[in-house]
1. Right, SER71: of a type in the set (S, T, N, Q), farther than 18 Å from LEU132 by Cα and surrounded by 15 or more Cβ atoms within 10 Å (Cβ to Cβ) or not?
2. How many of the residues making up the stretch 47-106 are of a type in the set (S, T, N, Q) and farther than 19 Å from ALA4 by Cα?
3. Check whether at least one residue in the stretch 89-108 is under 20 Å from TYR20 (Cα atoms), touching a residue at least 24 places away in the same chain (Cβ under 8 Å), in a loop (DSSP other than H, G, I, E, B) and more than 16 Å from the chain's Cα centre (by Cα), and report yes or no.
4. Give the residues of the stretch 49-64 that are surrounded by 10 or more Cβ atoms within 10 Å (Cβ to Cβ) and in a loop (DSSP other than H, G, I, E, B), sorted by residue number.
5. For ALA87, only one of the following conditions fails: (1) over 25 Å from VAL57 (Cα atoms); (2) modelled with pLDDT under 95. What is its number?
6. Would you check which residues across the stretch 3-42 are assigned to a loop (DSSP other than H, G, I, E, B), surrounded by fewer than 14 Cβ atoms within 10 Å (Cβ to Cβ) and at pLDDT 95 or above and list them?
7. For MET74, which of the numbered conditions (1) at pLDDT 95 or above; (2) more than 22 Å from GLN38 (Cα to Cα); (3) of a type in the set (A, V, I, L, M, F, W, C) fails to hold?
8. Under 6 Å between Cβ atoms, at least 6 apart or on separate chains: pull out the pairs that start in the stretch 12-31 with a residue that is closer than 22 Å to PHE106 by Cα and end on any residue that is in a loop (DSSP other than H, G, I, E, B) and not small (Gly, Ala, Ser).
Amino acid sequence: MVRAIRAGVKRQTRRVGARYERWEPGDLLWVRESFWVQPELWAESHGPQPIHYAADVQDPAEIEDYVKKPSIHMPRWASRLTLRLTANRREHIFDIALDDVAAEGFRTLIDFLMAWAALHPGLSPQTMVSALSFEVVQ
């Protein structure tokens, strides 16, 4: 979805959990994404160093001396996207409006719901989510 944010297609996301309720318009959020590092440098320090963003890597063979790291391990210095929260509302996942489907970066409600079900198996249609709208700061 990083590509969709960078292309200006994705302007909204939904999150399960009460911790997102406390986020307010104006809060800044940094985006974590999968990335590639040189293992020797990464072993020495997790500080600033050359990296490749997974969303930009067309052919991993071109960076064969790098190893891929999941987004959860991305340090703050490596984040290239900062988002400013513009709205946060609570709703049931199935209460999503068609305009919000597009803001999530999907063409149809079915596409959105299929992606949601794949990421969150077992959650009910009554699951409460935080619908977070944002703008890209950088």
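1. Details: of a type in the set (S, T, N, Q): yes; farther than 18 Å from LEU132 by Cα: yes; surrounded by 15 or more Cβ atoms within 10 Å (Cβ to Cβ): no.
Spelling it out, it is not the case that SER71 is of a type in the set (S, T, N, Q), farther than 18 Å from LEU132 by Cα and surrounded by 15 or more Cβ atoms within 10 Å (Cβ to Cβ).
2. First, pick out the residues of the stretch 47-106 that are of a type in the set (S, T, N, Q): 49, 58, 71, 79, 82, 86, 88.
From what is left, the residues that are farther than 19 Å from ALA4 by Cα are 49, 88.
Count: 2.
3. yes
4. Residues satisfying the conditions are GLN49, PRO50, VAL57.
5. Exception for ALA87: condition (2).
6. Step one: of the stretch 3-42, the residues assigned to a loop (DSSP other than H, G, I, E, B) are 7-11, 17, 23-27, 31-34, 38.
From what is left, the residues that are surrounded by fewer than 14 Cβ atoms within 10 Å (Cβ to Cβ) are 7-8, 17, 24-26.
GLU24, PRO25, GLY26 - these are the residues of the stretch 3-42 that are assigned to a loop (DSSP other than H, G, I, E, B), surrounded by fewer than 14 Cβ atoms within 10 Å (Cβ to Cβ) and at pLDDT 95 or above.
7. The one condition MET74 does not meet is (2).
8. Between residues of the stretch 12-31 that are closer than 22 Å to PHE106 by Cα and residues that are in a loop (DSSP other than H, G, I, E, B) and not small (Gly, Ala, Ser), the close pairs are GLN12/GLU104; VAL31/LEU81.
The values are calculated or read from the model by the stated rules, or taken from the named source; none is laboratory data. None of the values given here were measured: they were computed from a predicted structure. No Cβ is skipped: glycine too gets one built from the backbone with ideal geometry, and neighbour counts run over all protein chains shown.
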